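Data block below; observations after.
The values are calculated or read from the model by the stated rules, or taken from the named source; none is laboratory data. This structure is a prediction, so every number in the text was calculated from the model and none was measured. No Cβ is skipped: glycine too gets one built from the backbone with ideal geometry, and neighbour counts run over all protein chains shown.
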């Protein structure tokens, strides 16, 4: 007598389904985690007099944070080969003479909650903690760093940024796509910029790495520090990116609205499409936070609509049992179905990303047709809150997170660190080399706890194949 897959433990079901999982990280060596520095630090940090030496990290002797904190990994690895990340924070000595330093800030890519909080945090920390007097913001992304576009940099000080954290978006404006690093470094050199803070996602951080290469080719002393920004939360070696919490919190309201609509009619379906090009983190977290979702569809899990184990059969069973269903789908899920629905070559945006086709429209139409062919009345409401979600101001939790990201970015830059991003790992702020952070994309691992918790919360099948 065979055992039904539906009563097997979830872990066993995942194993038997042989689901596609994200590519595992390449082996990370100790050398991959080394942080670049412009040179020796000779100036006493202005923070020392105010906070005391005990609050500072010794240059070159900061505490380290384990990359993999599982006991089984530590037990099987020689101590000298255990990868660790450098702890972020203020150093006892700094590289720059802060009183003479000029700094630049640029925001790139799509909008995200908390960008203005980070800008404000950078300006206030530079000004109040280190006494930096000259800070400029480049307009409209990397485009603003190219002189021929004619965008005049904005002078930034505490007065100019005092209220910007109450707004969504970015006061500096943004754009997609890279620019010629030669022209950008020309601008930095002409303006006398010694430290550049780059706020953006993986494409932006790759662009920042090309800046570092050009800076090094010229033998210039310009620190480039990144603050990772992506509501998709798809940058590796950081627990989460800023704006992610605000984004999925805003998405919860859309899911609750879909639940109200779905329960307001017999055979009601609420369909919510959320952002997540290649990674389903927003869809997963929003669904868990709302507790109203019955199905969560993400790019990491293949999606088939037809057949006895297909998605449409699962929705049909749900409606027969409960009379309503709430579906949350990440924008990158089921793209092969979109191609079947509307074949054609995909275009790309200015950043080189493929323009995704609308899985929400495909699901709306296919669900409607499926039930119409069976003569079953259906009330379906399709909600796409994507741009509303990414434009909200930062939540209280994200505001605190943005401040700490900003202040640690300033500490890193003043100490002469470069080609580095600030991230939180195992609850501590650390320095992550840009090249490592952008080596591959972080995705939901269907073998680990996040996806297991979604399956337990929704009760949906392990797969639709």
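For residue 388, all conditions in the list (1) in a helix (DSSP H, G or I); (2) surrounded by 18 or more Cβ atoms within 10 Å (Cβ to Cβ); (3) touching a helix residue (DSSP H, G or I) at 6+ places or on another chain (Cβ under 8 Å) hold save one; what is the number of the exception?
Every condition holds for residue 388 apart from (2).
Does the range 440-452 hold any residues that are assigned to a helix (DSSP H, G or I) and in contact with a helix residue (DSSP H, G or I) (Cβ under 6 Å, 6 or more places away or on another chain), and which are they? Break it down stepwise before answering.
Kept after step one, since they are assigned to a helix (DSSP H, G or I), are these residues of the range 440-452: 449-452.
Passing the criteria: 450, 452.
Could you please tell me which pairs satisfy a Cβ distance under 6 Å, a separation of 6+ or placement on different chains, a first residue in the range 192-215 that is over 23 Å from residue 97 (Cα atoms), and a second residue that is outside any helix (DSSP H, G or I) and at pLDDT 95 or above?
Cβ pairs passing all conditions: 199/107; 199/227; 200/108; 204/108; 205/226; 208/198; 208/224; 208/226.
Got a number for residues in the range 24-47 being crowded, with 17+ Cβ neighbours inside 10 Å and part of a helix (DSSP H, G or I)? Spell out the reasoning first.
Initially, the range 24-47 is screened for residues crowded, with 17+ Cβ neighbours inside 10 Å, giving 33, 35-38, 41, 45-47.
From the residues that got through so far, the ones that are part of a helix (DSSP H, G or I) too are 33, 46-47.
Selection size over the range 24-47: 3.
Can you report the number of residues in the range 278-306 which are assigned to a loop (DSSP other than H, G, I, E, B) and either under 17 Å from residue 338 (Cα atoms) or touching a residue at least 40 places away in the same chain (Cβ under 8 Å) (or both)? Before the answer, list the steps.
The first filter runs over the range 278-306 and keeps only residues assigned to a loop (DSSP other than H, G, I, E, B), leaving 278-280, 291-294, 298-302, 304-306.
If we keep only those that are either under 17 Å from residue 338 (Cα atoms) or touching a residue at least 40 places away in the same chain (Cβ under 8 Å) (or both) too, we end up with 278-280, 291, 293-294, 298-302, 304-306.
Residues flagged as assigned to a loop (DSSP other than H, G, I, E, B) and either under 17 Å from residue 338 (Cα atoms) or touching a residue at least 40 places away in the same chain (Cβ under 8 Å) (or both) within the range 278-306 amount to 14.
Give the residues of the range 54-95 that are exposed (fewer than 12 other Cβ atoms within 10 Å of the Cβ) and part of a helix (DSSP H, G or I), sorted by residue number.
Of everything in the range 54-95, those that are exposed (fewer than 12 other Cβ atoms within 10 Å of the Cβ) and part of a helix (DSSP H, G or I) turn out to be 54, 71, 72, 75, 79, 80, 81.
Mind checking whether some residue in the range 42-58 is modelled with pLDDT under 95 and under 23 Å from the mean Cα position of the chain (by Cα)?
no
If you take the residues of the range 357-383 that are surrounded by fewer than 18 Cβ atoms within 10 Å (Cβ to Cβ) and closer than 17 Å to residue 277 by Cβ, which of them is modelled with the highest pLDDT?
The extreme case among them is 361.
Considering only residues of the range 115-141 that are in contact with a helix residue (DSSP H, G or I) (Cβ under 6 Å, 6 or more places away or on another chain) and over 24 Å from residue 47 (Cβ atoms), which is surrounded by the most Cβ atoms within 10 Å (Cβ to Cβ)?
Only one residue fits best here, namely 138.
Restricting to the range 410-439, give me the number of residues that are in a loop (DSSP other than H, G, I, E, B) and surrounded by fewer than 16 Cβ atoms within 10 Å (Cβ to Cβ).
First, the residues of the range 410-439 that are in a loop (DSSP other than H, G, I, E, B): 415-416, 419, 426-427, 438-439.
Remaining after also requiring surrounded by fewer than 16 Cβ atoms within 10 Å (Cβ to Cβ): 426-427, 439.
Residues meeting the conditions: 3.
Looking only at residues that are in contact with a strand residue (DSSP E or B) (Cβ under 9 Å, 6 or more places away or on another chain) and surrounded by fewer than 20 Cβ atoms within 10 Å (Cβ to Cβ) in the range 156-168, which one is farthest from residue 99 (Cα to Cα)?
160
Across the range 307-318, which residue is surrounded by the fewest Cβ atoms within 10 Å (Cβ to Cβ) among those that are in contact with a strand residue (DSSP E or B) (Cβ under 6 Å, 6 or more places away or on another chain) and without any contact (Cβ under 8 Å) to a residue 60 or more places away in the chain?
Taking the range 307-318 as the starting set, the residues that turn out to be in contact with a strand residue (DSSP E or B) (Cβ under 6 Å, 6 or more places away or on another chain) are 310-311, 315, 318.
Filter again for without any contact (Cβ under 8 Å) to a residue 60 or more places away in the chain, leaving 315, 318.
Numbers: 315: 24, 318: 20.
So, considering only residues that are in contact with a strand residue (DSSP E or B) (Cβ under 6 Å, 6 or more places away or on another chain) and without any contact (Cβ under 8 Å) to a residue 60 or more places away in the chain, the one surrounded by the fewest Cβ atoms within 10 Å (Cβ to Cβ) is 318.
Go through the range 217-276 residue by residue and tally those that are surrounded by fewer than 20 Cβ atoms within 10 Å (Cβ to Cβ), modelled with pLDDT of 95 or more and more than 27 Å from residue 360 (Cα to Cα).
Matching residues across the range 217-276 total 5.
Identify the residue in the range 98-131 that is touching a strand residue (DSSP E or B) at 6+ places or on another chain (Cβ under 6 Å) and either in a loop (DSSP other than H, G, I, E, B) or not assigned by TED's automatic domain parsing to the domain that holds residue 156 (or both) and, among all such residues, is nearest to residue 230 (Cα to Cα).
112
Just checking, does the range 323-338 include any residue being over 28 Å from the mean Cα position of the chain (by Cα), outside any loop (DSSP other than H, G, I, E, B) and modelled with pLDDT of 95 or more?
Pass one, the range 323-338, residues over 28 Å from the mean Cα position of the chain (by Cα): 323-325.
Narrowing the set further to residues that are outside any loop (DSSP other than H, G, I, E, B) leaves 324-325.
Add one more test, that the residue is modelled with pLDDT of 95 or more, and what stays is 324-325.
Yes, the range 323-338 contains at least one residue that is over 28 Å from the mean Cα position of the chain (by Cα), outside any loop (DSSP other than H, G, I, E, B) and modelled with pLDDT of 95 or more.
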